[in-house]
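Quick notes on the structure that follows.
The values are calculated or read from the model by the stated rules, or taken from the named source; none is laboratory data. These figures come from a predicted structure and were not determined experimentally. Neighbour counts run over all protein chains shown; Cβ positions are idealised from the backbone, glycine included. We work out accessible area using only protein heavy atoms, side chains counted, and drop any ligands, DNA or RNA first. Shrake-Rupley method; radii C 1.70, N 1.55, O 1.52, S 1.80 Å.
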Amino acid sequence: MPTRNYIKEFAATHRAPYLGMPPGMVLCDDVADLPSDVRSVWLNRKTKHIDDLPRFREIRRVHSPLHEEWLPAFASMPNLEHVKLTLPKCKDIPSLACLKNLRTLVLGWNRQQESLEFVRGMDWLHSLCVSEAMGVTSLEPLSTLPELREIYIDGQISARYQVESLNPLSALKELQFAVLLVRLPKERRNLLPLKQLKKLEYLWLSDDYYPSEYDALLDALPQLKEICFNGGKRWPAPK
C-alpha cells in the first residue's frame, strides 16, 4: 500500500489532513463485529475488545482517542501504516516508538500538549501532522526522524508560546512538503535552517519573516518554486 501524500493534498485543497472521515472507514463500537477484510477503523473511547485488533491483518489505518493501554494492540498490527490520535486534554503523550510499521502519524486537537518527545526514535516515519500544538516550544525531537517526507505543525493560534528555533529541521534531508505555522522569537526568526532541505517542494509559513529571506531560500532550494502563507498569499506574488 503506497504512502499517501497528505500534505501534498493539503497543498492542493488547503484542507488540514486531520479533518474529516476518509472513504471506506468503519465506525467501530466492538472489534468483534468488524468484517474480516476491514482496512480502516474509527474507534471511540468505549470500543470493546481492543486486544483483538491484531487479528485483523488487513487494517492499514486507525483513528482513535489516545489510550496508552491500547498502544500494545496497535504495535502488534503488522500492516498498520496510519494512525490518527485525538487528545483534547492530554499534556503528556507516551512514546509512540513501539509503532514500528507506522508511516503516517496525525495528532489532532492537542491544545495542552507541551512536547514532541513522543516521536523521538520513530525513524521510519514518513508523514507527521501535529495540530493545535499550542504549548510546544522545541522542535528538537523532529531531528530524529530522518525519513520524514511531510510535516504539518500548527501552533501559532496562541501567542503565549514560541518555538525556540527551526534548527532541528535542518536534519530532515528527505523532507518534501512542510506546513510550519509556528512562532519564533524575533532574534531567532530566520529561515537559514531550511536551506539544508534540498528536496523541499512545498512550504507554507506564518507570515512574520523577512522578504529578503524568502528570496534567499528560493535561491538555495532548486525544487521550491514559491512560498505560501495564510490568506492565499504567495512569494513571489503571482503576476
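So here's what we get for this one:
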item	result
Pairs with Cβ under 6 Å, 6+ apart, first in region 185-201 and closer than 18 Å to Ala171 by Cβ and open to solvent by less than 60 Å² (accessible area, probe 1.4 Å), second assigned to a loop (DSSP other than H, G, I, E, B) and of a type in the set (A, V, I, L, M, F, W, C)	Pro193/Leu166; Leu197/Leu175; Leu200/Leu175; Leu200/Leu221; Leu200/Leu224
Unique residue being more than 19 Å from the chain's Cα centre (by Cα) and in a loop (DSSP other than H, G, I, E, B) when the list is Ala237, Ala216	Ala237
Region 61-74, residues that are over 17 Å from the mean Cα position of the chain (by Cα) and surrounded by 17 or more Cβ atoms within 10 Å (Cβ to Cβ)	Trp70, Leu71, Ala73, Phe74
Among (1) at pLDDT 95 or above; (2) farther than 28 Å from Lys100 by Cβ - the single one Leu172 does not satisfy	(2)
Single match in Val31, Val41 (criterion: over 22 Å from Cys129 (Cβ atoms), open to solvent by less than 10 Å² (accessible area, probe 1.4 Å) and either in contact (Cβ under 8 Å) with a residue 12 or more places away in the chain or under 20 Å from the mean Cα position of the chain (by Cα) (or both))	Val31
